[in-house]
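Q: I have a structure here, written as structure tokens, and I will follow up with some questions on it.
The values are calculated or read from the model by the stated rules, or taken from the named source; none is laboratory data. Keep in mind that what you see is a predicted model, and the values were worked out from it rather than measured. All Cβ positions, glycine included, derive from the backbone under ideal geometry; neighbour counts span all protein chains shown.
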Amino acid sequence: MPFSPHVLDNALGAVGNTPLIRLDRIAREEGLQCNLLGKLEYTSAGGSVKDRIAKRMVEEAEKDGKLIPGYSVVIEPTSGNTGIGLALACAVKVKRTPSLPNKGYSVIITMPNKMSLEKEAALRALGAEVVRTPTEAAWDSPESHIGVAKKLQQEIPGGIVLDQYANANNPLAHEYTTGPEIIEAVTATPSTAEKPSSGKVDVVVAGAGTGGTITGLSRAIKQKHNNGCIVVGIDPKGSILAQPEALNTADAGAMYVVEGIGYDFVPDVLSRAHVDRWVKTSDDDAFAAVRKLMRKEGLLVGGSSGSALSGALRWVNEDEDGRRIARTKGANVVVLLPDGIRNYMSKPWFLEMALEAEPSPLAGQIARILKPQ
Ligand code: PMP
């Protein structure tokens, strides 16, 4: 949890305010002259960048009178993290209204099968109901997580879908919090001989699921800080969010293991006009980058953080602007790291990485010391 000098009212006070961290060891290994900075979202109360939108969507719906304590049932299709944020928000939103028997909001999360058991467990622990849906269902089919949420909303009295795919409060949460936090951290950090800084955000790199993060970040940084900032969107191979369209065709329809990014439709809240460049990433590159973030930087991030880093490194190596930025001392390249490894501890890709790593030089020594005499 980020440090606060004040006592917080509840867990929602510990949403966001995440640290921006130098990734110096990776930058050095890659031969970068620029600063490589990671925005570490797993320190938020629910463990991801999506806490921010959950908090804002709930609070704004309350203001609009769309959420009624003791009556409303919050139903949301999600890859899990928005659900965790909503369940957390709804857990603490219990109203002390004596006339209402059930004073909070019930939560139902619809989530594709591919999403991790850890997310389901966290959701259930927070008191949410979880409905799994077929991963391969097209977004607009009745069986998809979106279709099932719609059906439940129609049938359950008080059912309301806040709808992260279309809710303006999704990108706004990032425009008002994630973006300004990055700008503040970069501008507040002095440039020194040892750690030169341009004093501005030169590049921001983020994956897109709903697209709320990248759209909100772009709006905040370009409109209020540096119009010349280059916004790089990351889209997994098999998804269709990248532009130009030709980028998506090579791996059309491919399944990918990374969770939380990529879709088979373009959500309303994703404004691709706000993204300057797109990079397609593979699972293998993403998981190798997760390992690097753990081993070299001590950061226990999740799979899409690896996608963001591997995409950022591809961009600085392969794009003309990327190569120019990579050679520019003090240029600030910010990579958004959306969640933590807690969400993926039982996933084969992580267990292989953690438990089947190359034998440590210490292993033989330990075996010798502990061998029965
Ligand atoms: N990474 C993870 C782990 C996520 O859960 C999400 C949200 N779907 C994202 C990245 C992408 O964020 P956004 O929906 O704002 O595009």
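Q: When you go through (1) within 16 Å of the ligand (Cβ to nearest atom); (2) more than 17 Å from the chain's Cα centre (by Cα) one by one for TRP315, which number turns out not to apply?
A: (1)
Q: Residues of the range 328-373 being basic (Lys, Arg) and surrounded by 10 or more Cβ atoms within 10 Å (Cβ to Cβ), which ones? Don't jump to the end; show me each part of the working.
A: Of all residues in the range 328-373, those basic (Lys, Arg) come to 329, 342, 347, 368, 371.
Those that are basic (Lys, Arg) and surrounded by 10 or more Cβ atoms within 10 Å (Cβ to Cβ): LYS329, ARG342, LYS347.
Q: Still on this model: Output the qualifying pairs, or none if there are none: Cβ atoms under 9 angstrom, residues six or more apart or on different chains, first residue in the range 287-302 and within 13 Å of ASP24 (Cα to Cα) and at pLDDT 95 or above, second residue within 13 Å of the ligand (Cβ to nearest atom) and among the hydroxyl-bearing types (Ser, Thr, Tyr).
A: From residues that are within 13 Å of ASP24 (Cα to Cα) and at pLDDT 95 or above, the pairs are LEU293/SER305; LEU299/TYR42; LEU299/SER305.
Q: If you don't mind, there's one more thing I want to ask. Quick check on the range 129-141. Is at least one of its residues modelled with pLDDT under 95, under 21 Å from the mean Cα position of the chain (by Cα), under 18 Å from ALA45 (Cα atoms) and not assigned by the TED database to the domain that holds THR215?
A: No.
Q: Hey, another quick one. What is the number of the single condition among (1) closer than 23 Å to GLU175 by Cα; (2) outside the structural domain of TYR176 (by the TED database) that LEU20 does not meet?
A: (2)
Q: Only one of ALA185, ALA193 is under 16 Å from GLY16 (Cβ atoms), aliphatic (A, V, I, L, M), away from the ligand (no atom under 16 Å from the Cβ) and out of contact with any Ser or Thr (no Cβ under 7 Å at 6 or more places or on another chain). Can you tell me which?
A: Going through ALA185, ALA193 in turn, the sole match is ALA185.
Q: Restricting to the range 155-174, give me the number of residues that are surrounded by 20 or more Cβ atoms within 10 Å (Cβ to Cβ) and either in a helix (DSSP H, G or I) or among the acidic types (Asp, Glu) (or both).
A: Summing the residues that are surrounded by 20 or more Cβ atoms within 10 Å (Cβ to Cβ) and either in a helix (DSSP H, G or I) or among the acidic types (Asp, Glu) (or both) in the range 155-174 gives 7.
Q: Would you say GLY322 is assigned to a loop (DSSP other than H, G, I, E, B), modelled with pLDDT of 95 or more, away from the ligand (no atom under 12 Å from the Cβ) and not charged (D, E, K, R)?
A: Spelling it out, it is not the case that GLY322 is assigned to a loop (DSSP other than H, G, I, E, B), modelled with pLDDT of 95 or more, away from the ligand (no atom under 12 Å from the Cβ) and not charged (D, E, K, R).
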